[in-house]
Amino acid sequence: MNPMAPRAAEPVRAASLLADGDPPPVQVLGAGARSPWLLIADHAGQAVPARLDRLGLPQHELDRHIGWDIGIAGVTTDLARRLDACAILQAYSRLVIDCNRPLDAPGSIVVRSDGTDIPGNAALDAGAREGRIREIFAPYHARIEAELDRRARERRPTILVAMHSFTPEMSGIARPWHAGVLYQRDARLAHALRDLLCADGDLVVGDNQPYAVSDASDYAIPVHAERRGLPHVELEIRQDLIADAAGQQAWAERLARLFGALQDRFASP
Ligand SMILES: [Zn+2]
């Protein structure tokens, strides 16, 4: 063998975004759980890949509502346990790539959020954008799809709840709602949950407030729930109510109770 012969070309490997020490993009709790409820939390985490150097932001900016949905990971984790349900959570900050925005939406990778410039997102080239899609957005949604496909094959019912939280004040305006139910084409579960929440203490419940679901601004509900015809709701809880463990547990307890009251009505294969 001629030692000088050229070696076979090594396969070209795209530069990887995630490195050893970065968390996996998808966290699955209660895999295989039997409950019809499936919880997803697109904005549960605030991790930033080490290679992106906190996107050039101080930690306190990532700790704000622009970095993640404050409190929702705790509520979702506790609620999944109480329901014996599966929950799928995204570990990375919405500022790296927003997993509830269509990839062509302006909000997919933002250069500014609630008054804060995001240096690590300025002048992104196509390769950098592609890496965030490939390693963070795609595996998260693929895992949700795999879970839904498996349940459909097994003829198991699924009720999909997209868990979110919202900041109590935006642009100097206080938001009166304790929680909001969001939907687009199918309000059945949203309105049923709204009615139960309104009857549960003195809660002020937004009906498509503080946001509404739309194909232009949302990914998870249109793609995973509406296209499959699954009963669903996007639930928003105000962040000051779930900022600590006691608040998170109280909301998980409340939601587990109300979901239990709705389950038979919405859980058909
Ligand atoms: Zn959110």
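Can LEU203 be described as outside any helix (DSSP H, G or I), more than 15 Å from the ligand (Cβ to nearest atom) and loosely packed, with under 15 Cβ neighbours inside 10 Å? No, not satisfied.
Residue count for region 122-133 under the criterion of being under 20 Å from the mean Cα position of the chain (by Cα) and of a type outside the set (Asp, Glu): the result is 4. The residue that is nearest to HIS178 (Cα to Cα), among those in region 44-53 that are within 20 Å of the chain's Cα centre (by Cα) and more than 15 Å from the ligand (Cβ to nearest atom), is ALA47.
Listed by first and then second residue, the pairs linking a residue in region 70-81 that is of a type in the set (S, T, N, Q) to a residue that is more than 16 Å from the ligand (Cβ to nearest atom) and open to solvent by 20 Å² or more (accessible area, probe 1.4 Å), with Cβ atoms under 9 Å apart and 6 or more places separating them unless they lie on different chains, are THR76/LEU29; THR77/LEU29. Can you find even one residue in region 50-65 that is free of Cβ contacts under 8 Å to residues at least 60 places away in the same chain and touching a strand residue (DSSP E or B) at 6+ places or on another chain (Cβ under 7 Å)? So far as region 50-65 goes, yes, one or more of its residues are free of Cβ contacts under 8 Å to residues at least 60 places away in the same chain and touching a strand residue (DSSP E or B) at 6+ places or on another chain (Cβ under 7 Å).
Among the residues of region 146-173, the ones that are part of a helix (DSSP H, G or I) and within 16 Å of the ligand (Cβ to nearest atom) come to 0 in all. Here GLN184 meets each of (1) away from the ligand (no atom under 16 Å from the Cβ); (2) over 17 Å from ILE66 (Cβ atoms); (3) surrounded by fewer than 22 Cβ atoms within 10 Å (Cβ to Cβ) with one exception, condition (1). In region 28-42 there is at least one residue that is out of contact with any His (no Cβ under 6 Å at 6 or more places or on another chain), closer than 20 Å to THR167 by Cβ and either assigned to a loop (DSSP other than H, G, I, E, B) or of a type outside the set (Phe, Trp, Tyr) (or both). Exactly one residue out of VAL233, VAL223 is within 16 Å of the ligand (Cβ to nearest atom), assigned to a helix (DSSP H, G or I), in contact (Cβ under 8 Å) with a residue 60 or more places away in the chain and closer than 19 Å to ILE40 by Cβ: that is VAL223.
The values are calculated or read from the model by the stated rules, or taken from the named source; none is laboratory data. Just so it is clear, the model here is predicted, and its values are computed rather than measured. Methodologically, a virtual Cβ is constructed for each residue, glycine included, from the backbone with ideal geometry; neighbour enumeration extends over all protein chains shown. Calculation scope for accessible area: heavy atoms of the full protein, side chains included, ligands and nucleic acids excluded. Shrake-Rupley method; radii C 1.70, N 1.55, O 1.52, S 1.80 Å.
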